[in-house]
Each structure stands twice: as structure tokens, then as C-alpha cells.
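The values are calculated or read from the model by the stated rules, or taken from the named source; none is laboratory data. As the structure is a prediction and not an experimental result, all values here were calculated from the model. Counting neighbours? That spans all protein chains shown, and the Cβs are built from the backbone with ideal geometry, glycine included. Surface areas here come from the heavy atoms of the whole protein model, side chains and all, with no ligands, DNA or RNA. Shrake-Rupley method; radii C 1.70, N 1.55, O 1.52, S 1.80 Å.
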Amino acid sequence: MEIISIKTTRREQLIDITAKVREVVKNNKWEDGILYIYCPHTTGGITINESADPSVAADIEDTLMKLIPRSRHYKHIEGNSDSHIKSSIIGCGSFCFVEKGDLVLGTWQGIFFAEFDGPRNRKVYLKFIRS
Amino acid sequence: MEIISIKTTRREQLIDITAKVREVVKNNKWEDGILYIYCPHTTGGITINESADPSVAADIEDTLMKLIPRSRHYKHIEGNSDSHIKSSIIGCGSFCFVEKGDLVLGTWQGIFFAEFDGPRNRKVYLKFIRS
Amino acid sequence: MEIISIKTTRREQLIDITAKVREVVKNNKWEDGILYIYCPHTTGGITINESADPSVAADIEDTLMKLIPRSRHYKHIEGNSDSHIKSSIIGCGSFCFVEKGDLVLGTWQGIFFAEFDGPRNRKVYLKFIRS
């Protein structure tokens, strides 16, 4: 297992981790198979979406905030119930195909760590299975 | 493939299945790889979230009920359209890393079966791929 | 990697691709393992849900349109921010178990390509890992 470290700077923040993930794939000479990207935190997640225009990430953060407001009458008393709910909606793990030693992503796709209770220091776990 | 059986007792209910999943991993002596957790039902799902405080699961159930009410004018006439929609939002499968013969979960993470049309008898399918 | 081609005909449309996916599994004589189904587009996704009654797919399309309207004040100016957000909520990839040369799906489950910015020509990538 490989571990990537991230520092988020806002409460809600999608951070493009594609370059960091790609570096791990290259350094390990992972050639052909499936790469698993996993968030071990319960108030974050992993999502793949457009990385060319940063306003897409901003719209995702913003819309999730509107759908799942921070201030509802929640039972969990730590003030971050909305963060947990968003984590389950986005999901804590994604996978990516690897071929010829590189990530197989669509033209506009990037891999994002989704922070929902930052700012924090976060980890992303990576594991690879050969075809 | 291994199968876990679950009995849900409410219409909406996140049930912590971490102990049952871990038992299957141990019994099969699965050492290092990826564990796939799959829900074969179209009104349930699998999610990984905080298991320490049960109010987190309650808040997820409750917020999804508010966002996707049971009583909208749906086309599907079985009275469980909301359950199907929640299933697609949460997702019917998750994966987990396995290392040294045990699940690699974050400090607060547990694996949940998400029931959206209970109470029912449910199955969860498990499969393992070695690294 | 195998590629399936799809032509969507509406802006929001869940298309059942189970038969096409199954054909790829059979043609490749994939016997036992995990099949990965991946959408390389940032305004589409993959979901597994009921395929028997097409009104379930219609209710999912319709409810997501109500939750994430097309016309909010988004920062992304291409008029498809809602499509990107739905893609992250549904997810761009799913997996399926394969046993005895066939997909392991629940009684009512089918695999869907979820179009959120159609009509378009779309691709779905498939990859298989043996158990």
C-alpha cells in the first residue's frame, strides 16, 4: 500500500490529486491493472470529475453544501454530520484503469480528494492489482 | 464468493456489518489484496462511514429521507421509488484493502449495509482478489 | 481493455447496458473474477439498479433533475454544471462479480450508463481481473 499526504485549506474543498497519484503509479512501475484510491477518513471522499475548469469542483462543493446544510437538526453532536453524509454520497473509494504504465482517464477527468470537514491533514491510500 | 445474511428491522436502516465481514476475511485467511462488498438488492446499498457514534448512521438515514421523500409523484408504482434512488446514490458496492490478514479501515470507519426498503432478509456478497 | 459504444438520445437518460456488458464477458471467456465498468466522461456515470421496470430509471433521472436543477447560479459557464455534479453523486465506475463465465447480478439488477448531458455518443471501458 502507498500513502499520499494532503493538506486541505477549506472546510469544503475538492483537491485535484491526479499528479500525485500518477507519480506513485510511475515510481512503482505499475503497468497494467486496476488502481484503487481509498480515503480512510469518514468526512472525506474520492471522486473523479473535470479537472480542466476549477469552477466544476467549486460547483460540486457549493451544491452539496446547499443540499446538505451544516446546520440541520442532526443527532451527531460534533457539528460535522453534513460532512459524514456527503462522504457516503460521494463515496470513500474509486478505481482507475492502468495501462502501459499510466492512468487511463477520460480527456477531462482528474482524481479529486473531497474534503468535507477541513482544513485538515489527510491521507489517501493506493493499492494496485495486476491484470 | 462468500455470502453474509442480514435481517433489517426498519424501512431505512444502516447496519454495521464490519464484524461479519472481518470474520469472513479471517476464516478464509485472506492475507493481502482487495475485498469487494456487493449488495445484490436494488433497494439497498453498501457504504463505509463512522461506526463509533450510531447517530452518524441515523443522520444519514434521516437526511436521505428528507432529500428523497417516499411520497413524491413517482412513475414506479410499488411505493419504493425513493429506495431505488437512494440505492443509486449510495451505490451497491464498495471495496476495502486487506493487509496482514485484516481489513484496512480508518480509525472511525465501519462497513454498513444500507437498507432503504426494509424490514427484509438481505444478502451481502463478498469476493477477494489477491495483490 | 474492452470498449462499448453507446448513443444516448436525451439529456438525462439511464440506458441499460447489461446485454452489451454480458456479451463482452462471454466473448472474452472471462470465467471468475471482478469486472470493472468505467465511464471516461465527466457528465455521465455507471449505476446498477432495477432493470425490469423502466419507470425506476425514469424516477432516478427525474429526481436527480429536481435535486440538482440545470439553472442554478453555477460558476462553470458551459451550462452543464448539474451534469458534472450528478456524475460525482452516481459515480463514474462500478464493479460486478463474474462467476462461471457470467455476471453475478441480483434478480432485479441491471447495469446502466447514466447520461446527464446528452444526447451524445459515449464510451464505456471494461476491464477484468481474475480471482
query = Here is a list of conditions, (1) within 29 Å of B:I15 (Cα to Cα); (2) assigned to a loop (DSSP other than H, G, I, E, B), and A:K29 meets all of them except one; can you say which number that is?
reply = (1)
inquiry  = Restricting to segment A:44-63, count the residues that are assigned to a helix (DSSP H, G or I) and under 22 Å from C:Y38 (Cβ atoms).
reply    = 3
ask   = Within the group C:S51, C:S55, which residue is at pLDDT 95 or above, within 15 Å of the chain's Cα centre (by Cα), open to solvent by 10 Å² or more (accessible area, probe 1.4 Å) and more than 14 Å from chain A (Cβ to nearest Cβ)?
value = C:S51
inquiry  = When you check C:H41 against the structure, is it part of a loop (DSSP other than H, G, I, E, B), within 14 Å of chain A (Cβ to nearest Cβ), closer than 30 Å to B:I34 by Cβ and not aromatic (F, W, Y), yes or no?
reply    = yes
ask   = Which one of these does A:I77 not meet: (1) modelled with pLDDT under 95; (2) in contact with a Ser or Thr (Cβ under 7 Å, 6 or more places away or on another chain)?
value = (2)
task = Would you mind stating whether C:Y38 is out of contact with any helix residue (DSSP H, G or I) (no Cβ under 9 Å at 6 or more places or on another chain) and surrounded by 20 or more Cβ atoms within 10 Å (Cβ to Cβ)?
result = yes
key: Hits in segment A:58-75 (condition: of a type outside the set (D, E, K, R), closer than 16 Å to C:G91 by Cα and away from chain B (no Cβ under 14 Å))   = A:I60
